[in-house]
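Trainee: Please find one structure pasted underneath; my questions will follow.
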Amino acid sequence: MFTDTIAAIATFPGNAGVNIIRISGDGALKIAEKIFIKKGKNTSIDHPQEDQEDMDINNYCGDDFSFKPRYLHYGYIVDKNHKIIDEVLICYMKAPNTYTREDVVEINCHGGIISAKKILETVLEHGCRTAERGEFTKRAFLNGRIDLTQAEAVIDIINSKTDSSHEISMNHLEGRLSKQINSIIEEIMDILANIEVNIDFPEYDEDEITIGRVRDFSENIVVQLDRLISTADTGKIFKEGIKTVILGKPNVGKSSLMNFLLNENRAIVTEVPGTTRDTIEEYVNIKGVPLRIVDTAGVRETEDRIEKIGVEKALQKADEADLVIMLFDSSRELEYDDEKILEYIKDKRVIYVNNKADLETKLNLSRYGNIEKEAINISVLENHGLEDIIDKISSMFFEGSINVSDDLIINNVRHKDLLIKAKGSLEDVLYSIKNNMTIDFIEIDLKQAMEYLGLIVGKSVSDDLMDKIFNEFCIGK
Amino acid sequence: MENIVRDFLAESADVVVIGAGHAGCEASLASARLGMNTIVLTMSLDSIAMMPCNPNIGGTAKGHLVREIDALGGEMALNIDKTMIQCKMLNSSKGPAVHSLRAQADKRKYHTEMKRVLEGQENLKIIQSEVISLKVLEDGSFNVYTRLGAYYNARAVIVTTGTYLKGRIYIGELNYSSGPDGLAPANELSHSLMDLGIQLRKFKTGTPARIHSDSINYDKMEVQSGDEEIIPFSFMTDKIDINQINCYITYTTEETHNIIRRNLDRSPLYEGVIKSIGPRYCPSIEDKVVKFSDKERHQLFIEPEGLDTKERYIQGMSSSLPYEVQIPMYKSMIGLENAQIMRPAYAIEYDCIDPTQLKLNLELLSIKNLFFAGQVNGSSGYEEAAAQGLMAGINAVMSLKGKAPLVLDRSEAYIGVLIDDLITKGTNEPYRMMTSRAEYRLLLRQDNADMRLTEKGYETGLVTEERYQRFINKKQLIENEIERLKNKKITPKAEVNEALERIGSVSLKMPASLYELLKRVELNYENTLCLDEGRPVLKKEIKDYVETVIKYEGYISKQINQVEQFKKLENRKIPGDIDYNKVGSLRLEARQKLEKIRPDSIGQASRISGVSPADINVLMIYLMTYNNKKGE
């Protein structure tokens, strides 16, 4: 009934000892044959290591091997370059006596998400797609394997959204991803609309789009997609994170705050003003929000040459920051240094924090009404109020009020799969350009790239394109 | 004194077609040619196949439609081949998929020739009469009543009323009830259709002024001439040898724009008098000046209306400004300083139906054997109308004969895209065909319309034996030549490599077939003649076709794969008697949309706006149990 083959990690994501990757469909066996190498008699490798990656695959009896249904085979999964990903147990189940009533292959690999993800990616590279949520069960039903009550539960799965906080933060992240993908789609659509107008209304004097422009554009998008794809391999939520700079006059508690945020002692903390001479960068993930925190030298008017460099660097870093945490010392009066910083960061996204709330308050911010109202009172020393900062960062991020200059991570295999396909289409665009193809051929793959990206954000883009053509070009009798 | 007309049954027929515009002509010809006793009723015998707007046939995507009509056995291509006065292949610098033919027509001749074809058609009666109402009888047949009291009984009716239904013309502050181009409107039929439960709505369109040719200074304009060698529309036409007439390009000026801006409050489009929706691709000059205010000038085309007339059509200048404003406006354009307006520009508003009330065979969902085609379905353009007329004509006959309808899908023809778009998605503006609407553009070329559709037309019975033999011969020649090129081995001999270098290609290291060699960018069928001893003499259309198939093989096979994916969902049919209220878990919006459109297949359902992938899943699961239960 279904002719495409689907695959997914079938086990619950977490730190289980074993993960299972399930492949279902006509192509399952073929894929398994391509990626599995049975462990040979002459080899005894228990734990493939990095340095064994280049081992000669001819040592393995891969050629004359064939899968025996319902039999657990022991061996390795290799990627396209014949490099070993993991040692596995693999089982092939022949249709129709399987869960989905299709050919099914299940691969048991080591626990942890990395190995399972890599295997899934390899499987996808061999011509199947990621299963949608509940799709194995759906096939089981549609192929007559389970009954209606069970199937209705599947419909619930298809329609439901879980409410675990983890999911929600992931959804927020996906929202941010959507934003970026949407902006790429928008750019592609601009180009496409111009191409389509040239094709559908050739007699009008709209500017013909140049091949050079399409090439530059496509190259640029490939770079952008590459960056998104590469983030998928880092295992962090963000490659770069929100660039956050902690500013404040010397000895206001910047490094202490940073250490709190990092949960470890990375920057030197002293009582002597001006000890943090240079800037230090650290990555941290706070409630699903990735931060790249930059600690700076205390900003103070100084004649000390070394410290001056640090101060300038600090203000310079603030220029590039997505978010500034401005620290005041509530036990001291507002000073010239404070005002200087305030002036410098007036156009930035800022979280204002009054440190040393455990001491007697001397700070008076009444001249800065808004800041006085917004400021969070904390005491790093007494570990008080710090959660408020974290909440504030997290809410600003998810409300989208912080603009992130760097890229998001893709930790969804389906997204990665589509990004790779979109990139492939753009490479086809470049190939066509190289071969002097006319614009209407180039357009085919450009449109395809847009369709793939549209699948990530879940919308059909063709109607939007029509609107764009009419809105942006002057055509007609 | 009251006029009392006594109704009388004038005649009975298998099929009655209401209207003889481009849709009505194709519908009535198809019906009559398929052996049905057919009557076509028209408001005026002088307006058969009339072109009330632009004097041309074809253009991007529209040219594709004309060729598809031809391949299926329709008339439009043959008629324009007989009456064209200029012809151009548009987009010839781009790839073969977007090459599109466009011809300037001699309007009067186009009408006369088409009328002649209708008059000579066996089984077809042409009658001048205004249809005022339509009744469905208990036996499922129809009575079609006319103003003169005569009524006609028919087993099937095809409505092709164009822009006549409650037509209203707008010129500035003035508006009055009228059909296009001063012809009478059809006011009563609208009510009758509403009484049948059919939902109507209002669309609008417009046309520019016609200017006397002697008042135009062509010296100030760019000449646009036709192609040196004319490629005919019809696969049945061998050669067209005519003296072509020029078109001209000119522009608006700053003064034109000032006049328009000063008088915007007198344009019913801007004063909100016309509330109906006009086509975005065909905006009035007021629209263009306001919306694209940064453009210093707008391009215009001066097109002849025919050989025996001095009237010139000013493409790009449709307007609903008052006549008083139109005069200085047209005179402000380059080369039109002395322009003498023969017919002013006007906007026209008309009733049409919401096409989502139809099935893919163009039959009304709610009334069997009542078909709609053309502009009354919310489309725009002669070609779009003709394509629908042809399909409605064929399908009315199929229905009466109890045969399966002829429905083309999106991967088979532009006609399929057109009808699927209208019926599945509906339209909020007069719908124009564009190549960008077709997903599988590379497969739906104008050069292979016969390869795609002649067979289907032959099965239907509309394609003549002569046309079919011609098609078979052409197909054979193409296949033979491709096979020959595949078997033609080129070896890396010195003289071969010399020849290759002479053409600007790189030398050969391994033997290769000429088929493979032709994929090189710099090589083509013509310049490889020196490598191809004993090459047969073939017609240009065959050579071009072979070259396209070889050169773009990779792209074509990519699209064929996409079509295979597409077909999977198209082939999953939804039973006609499905009750969407019984499908649990469907969202309300999806349920309503599905109930309204009643798609034939899962594929069609997935294209309905407001039906989500989750809804499709739910539907598939329901269908599975539904089919299982039926099987029990």
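Trainee: Name the residues in the range A:426-443 that are more than 8 Å from every other protein chain (Cβ to nearest Cβ) and over 17 Å from residue B:441 (Cα atoms), would you?
Mentor: Hits for the range A:426-443 are A:426, A:427, A:428, A:430, A:431, A:433, A:434.
Trainee: Next up: Please go through (1) surrounded by 15 or more Cβ atoms within 10 Å (Cβ to Cβ); (2) more than 32 Å from the chain's Cα centre (by Cα); (3) among the polar types (S, T, N, Q) for residue B:205 and return the number of the only condition it doesn't satisfy.
Mentor: Here residue B:205 clears every test but (2).
Trainee: Among the listed residues A:44, A:66, A:115, identify the single one that is of a type in the set (Gly, Ala, Ser), at pLDDT below 90 and not in a loop (DSSP other than H, G, I, E, B).
Mentor: Working: A:44 fails: not in a loop (DSSP other than H, G, I, E, B); A:66 fails: not in a loop (DSSP other than H, G, I, E, B).
Testing whether each residue is of a type in the set (Gly, Ala, Ser), at pLDDT below 90 and not in a loop (DSSP other than H, G, I, E, B) leaves just A:115.
Trainee: Next up: Residue by residue through the range B:399-432, note down the ones that are closer than 30 Å to residue B:549 by Cα, within 12 Å of chain A (Cβ to nearest Cβ) and not in a helix (DSSP H, G or I). Before the answer, list the steps.
Mentor: From the range B:399-432, those closer than 30 Å to residue B:549 by Cα are B:406-421, B:432; that's our starting set.
Of the ones still in play, those that are also within 12 Å of chain A (Cβ to nearest Cβ) are B:410, B:417, B:421, B:432.
Correct list: B:410, B:432.
Trainee: Moving on. Restricting to the range A:193-211, and then to whatever is more than 9 Å from chain B (Cβ to nearest Cβ) and either assigned to a loop (DSSP other than H, G, I, E, B) or at pLDDT below 85 (or both), can you tell me which residue is surrounded by the most Cβ atoms within 10 Å (Cβ to Cβ)?
Mentor: The residue in question is A:209.
Trainee: Continuing with the same structure: Spot the failing condition for residue B:291; the list is (1) surrounded by fewer than 16 Cβ atoms within 10 Å (Cβ to Cβ); (2) modelled with pLDDT of 95 or more, and only one is missed.
Mentor: The one condition residue B:291 does not meet is (2).
Trainee: Tell me yes or no: at least one residue of the range B:3-15 is of a type in the set (Lys, Arg) and in a helix (DSSP H, G or I).
Mentor: Quick first cut of the range B:3-15, residues of a type in the set (Lys, Arg) only: B:6.
Next cut, in a helix (DSSP H, G or I) only: none.
For the range B:3-15, residues of a type in the set (Lys, Arg) and in a helix (DSSP H, G or I): absent.
Trainee: Turning to a different aspect of this structure: When you look at residue B:498, is it part of a helix (DSSP H, G or I) and either β-branched (Val, Ile, Thr) or over 16 Å from residue B:234 (Cα atoms) (or both), yes or no? Step through it out loud before you land on a result.
Mentor: Values: part of a helix (DSSP H, G or I): yes; either β-branched (Val, Ile, Thr) or over 16 Å from residue B:234 (Cα atoms) (or both): yes.
So residue B:498 fits the description; yes.
Trainee: Just to be sure I understand, how many residues within the range B:433-477 are within 14 Å of chain A (Cβ to nearest Cβ), in contact with a Ser or Thr (Cβ under 7 Å, 6 or more places away or on another chain) and either closer than 17 Å to residue B:390 by Cα or part of a helix (DSSP H, G or I) (or both)?
Mentor: Of the residues in the range B:433-477, 1 are within 14 Å of chain A (Cβ to nearest Cβ), in contact with a Ser or Thr (Cβ under 7 Å, 6 or more places away or on another chain) and either closer than 17 Å to residue B:390 by Cα or part of a helix (DSSP H, G or I) (or both).
Trainee: Being within 12 Å of another protein chain (Cβ to nearest Cβ) and at pLDDT below 90, is that true of even one residue in the range B:262-272? Give the steps one after another, and end with the answer.
Mentor: Within the range B:262-272, the first condition is being within 12 Å of another protein chain (Cβ to nearest Cβ), and the residues that meet it are none.
No, every residue in the range B:262-272 fails to be within 12 Å of another protein chain (Cβ to nearest Cβ) and at pLDDT below 90.
Trainee: Sticking with this structure for a sec: Can you confirm whether the range B:483-491 contains a residue that is among the charged types (D, E, K, R), outside any helix (DSSP H, G or I) and away from every other protein chain (no Cβ under 14 Å)? Spell out how you get there, then give the answer.
Mentor: Applying the first criterion (among the charged types (D, E, K, R)) to the range B:483-491 yields B:483-484, B:486, B:488-489.
Imposing the further condition that a residue be outside any helix (DSSP H, G or I) reduces the set to B:488-489.
Checking the rest, the ones that are also away from every other protein chain (no Cβ under 14 Å) come to B:488-489.
Looking through the range B:483-491, at least one residue is among the charged types (D, E, K, R), outside any helix (DSSP H, G or I) and away from every other protein chain (no Cβ under 14 Å).
Trainee: For residue B:605, which of the numbered conditions (1) within 13 Å of chain A (Cβ to nearest Cβ); (2) part of a helix (DSSP H, G or I); (3) crowded, with 19+ Cβ neighbours inside 10 Å fails to hold?
Mentor: (1)
Trainee: While we're on this one: Does residue B:310 count as closer than 25 Å to residue B:418 by Cβ, touching a helix residue (DSSP H, G or I) at 6+ places or on another chain (Cβ under 9 Å) and charged (D, E, K, R)?
Mentor: On the way: closer than 25 Å to residue B:418 by Cβ: no; touching a helix residue (DSSP H, G or I) at 6+ places or on another chain (Cβ under 9 Å): yes; charged (D, E, K, R): yes.
Considered against the rule, which asks whether it is closer than 25 Å to residue B:418 by Cβ, touching a helix residue (DSSP H, G or I) at 6+ places or on another chain (Cβ under 9 Å) and charged (D, E, K, R), residue B:310 comes out as no.
Trainee: Count, please, the residues in the range B:424-478 that happen to be within 23 Å of residue A:194 (Cβ to Cβ) and over 18 Å from the mean Cα position of the chain (by Cα).
Mentor: 1
Trainee: Within the range B:559-601, count every residue that is in a helix (DSSP H, G or I), within 14 Å of another protein chain (Cβ to nearest Cβ) and of a type in the set (A, V, I, L, M).
Mentor: 5
Trainee: Another question, then. Do we have any residue at all in the range B:184-196 that's closer than 29 Å to residue B:286 by Cα and surrounded by 18 or more Cβ atoms within 10 Å (Cβ to Cβ)?
Mentor: There is at least one residue in the range B:184-196 that is closer than 29 Å to residue B:286 by Cα and surrounded by 18 or more Cβ atoms within 10 Å (Cβ to Cβ).
Trainee: For residue A:76, all conditions in the list (1) within 23 Å of residue A:98 (Cα to Cα); (2) at pLDDT 90 or above hold save one; what is the number of the exception?
Mentor: With respect to (1) within 23 Å of residue A:98 (Cα to Cα); (2) at pLDDT 90 or above, residue A:76 is out only on (1).
Trainee: Provide a single number: the residues in the range B:286-316 that are in a loop (DSSP other than H, G, I, E, B), more than 10 Å from chain A (Cβ to nearest Cβ) and closer than 23 Å to residue B:56 by Cβ.
Mentor: Number satisfying all stated conditions: 6.
Trainee: Right, here's the next one. List every residue pair whose Cβ atoms sit under 8 Å apart, with the two residues 6 or more apart in sequence or on different chains, where the first one lies in the range A:12-25 and is not assigned by TED's automatic domain parsing to the domain that holds residue A:90 and the second, anywhere, is at pLDDT 60 or above and in a loop (DSSP other than H, G, I, E, B).
Mentor: Every condition considered, no pair remains.
Trainee: Output the number of the condition that residue B:152 fails; it satisfies all remaining conditions of (1) in a strand (DSSP E or B); (2) surrounded by fewer than 21 Cβ atoms within 10 Å (Cβ to Cβ).
Mentor: With respect to (1) in a strand (DSSP E or B); (2) surrounded by fewer than 21 Cβ atoms within 10 Å (Cβ to Cβ), residue B:152 is out only on (2).
Trainee: To continue, here is another question. Report, ordered by the first and then the second residue, all pairs with beta carbons closer than 9 Å, sequence separation of six or more or different chains, a first member in the range B:418-438 that is over 25 Å from residue A:191 (Cβ atoms) and without any contact (Cβ under 8 Å) to a residue 24 or more places away in the chain, and a second member that is among the hydroxyl-bearing types (Ser, Thr, Tyr) and in a helix (DSSP H, G or I).
Mentor: Between residues of the range B:418-438 that are over 25 Å from residue A:191 (Cβ atoms) and without any contact (Cβ under 8 Å) to a residue 24 or more places away in the chain and residues that are among the hydroxyl-bearing types (Ser, Thr, Tyr) and in a helix (DSSP H, G or I), there is no close pair.
Here's the yes/no breakdown for (1) more than 25 Å from the chain's Cα centre (by Cα); (2) under 22 Å from residue B:166 (Cα atoms); (3) in contact (Cβ under 8 Å) with a residue 60 or more places away in the chain:
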site: B:252; (1), (2), (3): yes, no, yes
site: B:256; (1), (2), (3): yes, no, yes
site: B:304; (1), (2), (3): no, no, yes
site: B:315; (1), (2), (3): no, no, yes
site: B:323; (1), (2), (3): yes, no, yes
site: B:332; (1), (2), (3): yes, no, yes
site: B:346; (1), (2), (3): no, yes, yes
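Trainee: Can you name every residue in the range B:127-149 that is of a type in the set (Lys, Arg) and part of a loop (DSSP other than H, G, I, E, B)? Don't jump to the end; show me each part of the working.
Mentor: Filtering the range B:127-149 for residues of a type in the set (Lys, Arg) gives B:135, B:147.
Hit for the range B:127-149 is B:147, nothing else.
Trainee: Follow-up. Test of understanding: among A:325, A:351, which residue is crowded, with 23+ Cβ neighbours inside 10 Å, aliphatic (A, V, I, L, M), at pLDDT 85 or above and in the same structural domain as residue A:246 (by TED's automatic domain parsing)?
Mentor: Details: A:351 fails: crowded, with 23+ Cβ neighbours inside 10 Å.
Just a single option satisfies the conditions, and that option is A:325.
Trainee: Across the range B:545-564, what is the total count of residues that are over 27 Å from the mean Cα position of the chain (by Cα) and under 17 Å from residue B:604 (Cβ atoms)?
Mentor: The total comes to 0.
Trainee: Follow-up. Does residue A:95 qualify as being more than 26 Å from the chain's Cα centre (by Cα), within 11 Å of chain B (Cβ to nearest Cβ) and either in a helix (DSSP H, G or I) or at pLDDT below 90 (or both)? Please lay out each step first, then the result.
Mentor: Values: more than 26 Å from the chain's Cα centre (by Cα): yes; within 11 Å of chain B (Cβ to nearest Cβ): no; either in a helix (DSSP H, G or I) or at pLDDT below 90 (or both): yes.
When the stated conditions are applied, residue A:95 does not pass them.
Trainee: Only residues that are of a type in the set (Ser, Thr, Tyr), touching a residue at least 40 places away in the same chain (Cβ under 8 Å) and more than 14 Å from every other protein chain (Cβ to nearest Cβ): list them for the range B:41-94, please.
Mentor: Passing the criteria: B:42, B:44, B:47.
The values are calculated or read from the model by the stated rules, or taken from the named source; none is laboratory data. Because the structure is predicted, anything quoted here is derived from the model rather than measured. Glycine also receives a Cβ, built like all others from the backbone with ideal geometry; neighbour counts cover every protein chain displayed.
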